[in-house]
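*Asks:* Right, I'll just put the structure down here and ask away after.
The values are calculated or read from the model by the stated rules, or taken from the named source; none is laboratory data. Just so it is clear, the structure is predicted and the values come from calculations on it, not from any experiment. Cβ placement follows ideal geometry from the backbone for every residue including glycine, while neighbour counts extend to all protein chains displayed. To get the accessible areas, we keep the full protein, side chains included, count just its heavy atoms, and leave off ligands, DNA and RNA. Shrake-Rupley method; radii C 1.70, N 1.55, O 1.52, S 1.80 Å.
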Amino acid sequence: MVVAIVLGALAGVAGFLPLMGAQRIARKATPTSNFGFLGALLLGVLVSFLVVAVAVVVCIAVARDAALPFVLAEFFALIGSAVAFNVYKLVRK
């Protein structure tokens, strides 16, 4: 179960990385182009969802009994990394 929690936490952090990358790409969009800004963010959300969903499906296929700890760890790691990133940005400013 510890392995499932650690792997879930790593998958949660990996699921946040596309969102962070999309934010950096969206910043480079022109100010008059709403589609470029929102399109980059939407693409980041889609890729993040795919990373998280694929990790969950693989976990269920490999070890069904460890799916709940994996998913919970993934969820809390994704939320925790998002909160930590935003707190870091807020403190840095």
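*Asks:* How much of the accessible area of the chain, probe 1.4 Å, is carbon plus sulfur, in whole percent?
*Replies:* Carbon plus sulfur share of accessible area: 79 percent.
*Asks:* Continuing with the same structure: For the chain, how big is Rg over Rh, using alpha carbon atoms and the Kirkwood form of Rh?
*Replies:* 1.09
*Asks:* Here's a follow-up. Taking only C-alpha pairs under 8 Å that are 6+ residues apart, what is the relative contact order of the range 5-93 in percent?
*Replies:* So the answer I get is 46 percent.
*Asks:* Hey, got a sec? Which trypsin sites (Lys or Arg not before Pro) in the range 1-46 land in a DSSP loop and have at most 15 other Cβ atoms within 10 Å?
*Replies:* Filter output for the range 1-46: Lys28.
*Asks:* So which chymotrypsin sites (Phe, Trp or Tyr not before Pro) in the range 11-41 are both in a DSSP loop and have at most 12 other Cβ atoms within 10 Å of their Cβ?
*Replies:* Of the chymotrypsin sites (Phe, Trp or Tyr not before Pro), not one in the loops of the range 11-41 has a Cβ with at most 12 other Cβ atoms within 10 Å.
*Asks:* While we're here: Helix-derived [θ] at 222 nm for the chain: sum -39500 (n - 2.57) over DSSP H runs of at least 4, divide by residue count, nearest 500?
*Replies:* -31000 deg cm²/dmol
*Asks:* Where the only charges are on Cβ atoms (+1 Lys, Arg; -1 Asp, Glu), what is the dipole of the range 1-92 about its Cα centre, to the nearest 20 debye?
*Replies:* 440
*Asks:* How much length is gained on full extension from Leu41 to Met20, taking 0.36 nm per residue of separation minus their Cα-Cα distance?
*Replies:* Length gained, Leu41 through Met20: 6.6 nm.
*Asks:* Please give the net charge around Val57, taking every other residue with its beta carbon less than 14 angstrom from that of Val57, where Lys and Arg add +1 and Asp and Glu add -1.
*Replies:* Local charge sum for Val57: 0.
*Asks:* Ranked from highest to lowest mean number of other Cβ atoms within 10 Å per residue, what is the order of the peptides 68-75, 1-8?
*Replies:* The densest-packed peptide leads the list: 68-75, 1-8.
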